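Contents: one structure, followed by commentary.
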Amino acid sequence: MQLKRYELGARRSGIFAIASVVITLALLSVPARAFISDYRYGSVQTILDDADTEALDAVSISTKSIPAFMAAVEQLKAASAMEPSRALYHKARGDIYFKLGNWAQAMRLADAELPPGALQAEEAFESASAEFRRAIELEPLDPHNHLAMGMLLDAAAAVPELSEKEYGKAADAFPVNAPIRYAIAQQYLLTGRTGNALEQARILAALDDTYKLPSGTDKKMTIERMDRRYQTQLSRSYLFHALEIAWRVSKDPQVVKGITPDNDEAREVLALFFEWNDIDG
């Protein structure tokens, strides 16, 4: 009787031990998967690095670099297989497919043959669309996902309303994000939707504050000196970019003035923009 109890106890202890090992391995595998998937994601930058430059610059798509781009796609596929809920991996893969589609489209317009292993434009755009849709499903409030989808729809010659819907979602997801507004305005300008571009430029000019001097700065002295450093700050501001878009759309100094905020620093941005572009305002 005691022997049976001992055997039963030993059997239970063995089961508990096995269960503990399984649970421990499962818990350990979660950070391990995340580490490996992040490593694969990070390796894409190395795969696509342009060896002809000292900086970590992405190589341009060409017949020679197509294998590198396809290898990057495979690395991102492996990363997603390990961590399927990471929208970042889907977005990154969609970006590569999008670039491959644009390149294939340009090759077609030039009557050039695609090299072996390269995707046709339609196939690349379709793959990019699937990846962007998945990224949006996982992170619907990330404006970059909607922006990418809108740009893809424009490249694929979809009806304008579809891309405008995505740009609207991108703007609504982060209304005060100046880089997103600028990207949307630029896309509208590039696709000939000048009215939309001007509206986005108007919003961008109103929300930007990168041209403003920090509190405590002697603003009067800084403005009067107008040294090169201060001019660079003004010219790199999103307000300056907004004025550029307004000018390209309208060629009317009054329209450019009309979107300029009513403060001394903004007026300096306007004056610098007119001076650099030789505009009589």
Sorted by Cβ neighbour density within 10 Å, fewest at the top, the residues M226, M149, M82: M226, M82, M149
Ranked list, fewest to most other Cβ atoms within 10 Å of each Cβ, for S235, S163: S235, S163
Rounded, prolate or oblate (a/c below 1.5 giving rounded, otherwise prolate when a/b exceeds b/c) for region 34-174 by Cα gyration tensor: oblate
Taking E268, E74, E166 and counting other C-beta atoms within 10 Å, the order from fewest to most: E74, E268, E166
Relative contact order %, region 64-151, counting alpha carbon pairs below 8 Å whose residues are six or more apart: 30 percent
D (Stokes-Einstein, µm²/s), Kirkwood Cα radius, region 135-281, 0.890 mPa s at 25 °C: 151 µm²/s
Region 207-281 and region 138-204: distance between their alpha carbon centers, rounded to Å: 24 Å
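The numbers here are math on the coordinates, done by the rules we state, and not lab data. It should be emphasised that the depicted structure is a prediction, and the values quoted were computed from it without experimental measurement. FYI the Cβ positions are ideal-geometry reconstructions off the backbone, even for glycines, and counts take in every protein chain you see.
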